[in-house]
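Report on one structure; see the data block that follows.
FYI, it's all coordinate maths here, none of it is from the lab. None of the values given here were measured: they were computed from a predicted structure. A quick note on method: Cβ atoms are made from the backbone with ideal geometry, for glycine too, and the neighbour counts reach across all protein chains shown.
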Amino acid sequence: GESVGLHLPTLSVQEGDNSIINCAYSNSASDYFIWYKQESGKGPQFIIDIRSNMDKRQGQRVTVLLNKTVKHLSLQIAATQPGDSAVYFCAESYSSASKIIFGSGTRLSIRP
Amino acid sequence: AAGVIQSPRHLIKEKRETATLKCYPIPRHDTVYWYQQGPGQDPQFLISFYEKMQSDKGSIPDRFSAQQFSDYHSELNMSSLELGDSALYFCASSFTRLAGGPSTDTQYFGPGTRLTVL
């Protein structure tokens, strides 16, 4: 399943399928990008990050892709599991010790 | 691994009262950030501190103030509370590399304080 981020805040995928969550960021000066997962009533949990000198980074079951030309970020989750159900936020930042600017979240729900 | 600690986890106040939220960063982290998250919204940056000095300021009302202490914990003081201040307040911490190093280090968030103003 795939979302268009800001315009489709909910993404429903079949358990075991791959999920793709998209995000458009706003500041061309941003040089650091992060994906956070937030479960209901909890704090944002770091998933994966990428710096502007890279276009792809892989973690455990997750991959982040960065396209600076069109200011687009995506999060791919392989073999989606029920525990992946949450709201996912993309975020951007620039310079050291700098605030994070969160994008609008996408709610990921898993169908059994 | 130790995480960011916030207290209290829940707080109920009346309008015009004051509230103090506390944040204890991950050990050896020197930078603390405060964010406010309203219902169904994304977190909004309020203020940050690096080595006990304010490093950045966002959309923090004048009624709010914050500081970072010598042990790196931080407190967010909120006065003349309004109904619209009801939200989740998150603290995050990071370790800021020295100048010349890689930019921006990962911010790790605490569990938040849910403030309800009646």
Taking the conditions exactly as written (of a type in the set (D, E, K, R), out of contact with any Asp or Glu (no Cβ under 6 Å at 6 or more places or on another chain) and facing another protein chain (nearest Cβ under 9 Å)), does B:Asp105 satisfy them or not? yes
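Looking at this structure, is B:Lys15 more than 25 Å from A:Trp35 (Cα to Cα) and not small (Gly, Ala, Ser)? Break it down stepwise before answering.
Values: more than 25 Å from A:Trp35 (Cα to Cα): yes; not small (Gly, Ala, Ser): yes.
Yes: the conditions hold for B:Lys15.
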For the stretch A:62-84, enumerate the residues that are closer than 12 Å to A:Ile47 by Cβ and β-branched (Val, Ile, Thr). A:Val62, A:Thr63, A:Val64, A:Ile77
Given the conditions (1) over 12 Å from the mean Cα position of the chain (by Cα); (2) within 14 Å of chain A (Cβ to nearest Cβ); (3) within 27 Å of A:Ser52 (Cβ to Cβ); (4) not polar (S, T, N, Q), which single one is not true for B:Ala87? (3)
For B:Arg114: the one exception among (1) farther than 16 Å from A:Pro44 by Cβ; (2) facing chain A (nearest Cβ under 9 Å); (3) among the basic types (Lys, Arg): (1)
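Could you tell me whether the stretch A:2-9 includes any residue that is in contact with an Asp or Glu (Cβ under 8 Å, 6 or more places away or on another chain) and surrounded by 13 or more Cβ atoms within 10 Å (Cβ to Cβ)?
Kept after step one, since they are in contact with an Asp or Glu (Cβ under 8 Å, 6 or more places away or on another chain), are these residues of the stretch A:2-9: none.
No: the stretch A:2-9 contains no residue that is in contact with an Asp or Glu (Cβ under 8 Å, 6 or more places away or on another chain) and surrounded by 13 or more Cβ atoms within 10 Å (Cβ to Cβ).
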Within the stretch B:15-62, residues among the hydroxyl-bearing types (Ser, Thr, Tyr) and surrounded by fewer than 17 Cβ atoms within 10 Å (Cβ to Cβ) come out as B:Thr18, B:Thr20, B:Ser59
Exactly one of these conditions fails for B:Ser48: (1) within 8 Å of another protein chain (Cβ to nearest Cβ); (2) of a type in the set (S, T, N, Q); (3) in contact (Cβ under 8 Å) with a residue 60 or more places away in the chain. Give me its number. (3)
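If you scan the stretch B:50-86, which residues turn out to be on the phi > 0 side of the Ramachandran plot and not acidic (Asp, Glu)? Steps first, answer last, please.
The initial filter retains those residues of the stretch B:50-86 that are on the phi > 0 side of the Ramachandran plot, namely B:51-52, B:72, B:80.
B:Lys52, B:Tyr72, B:Ser80, listed by residue number.
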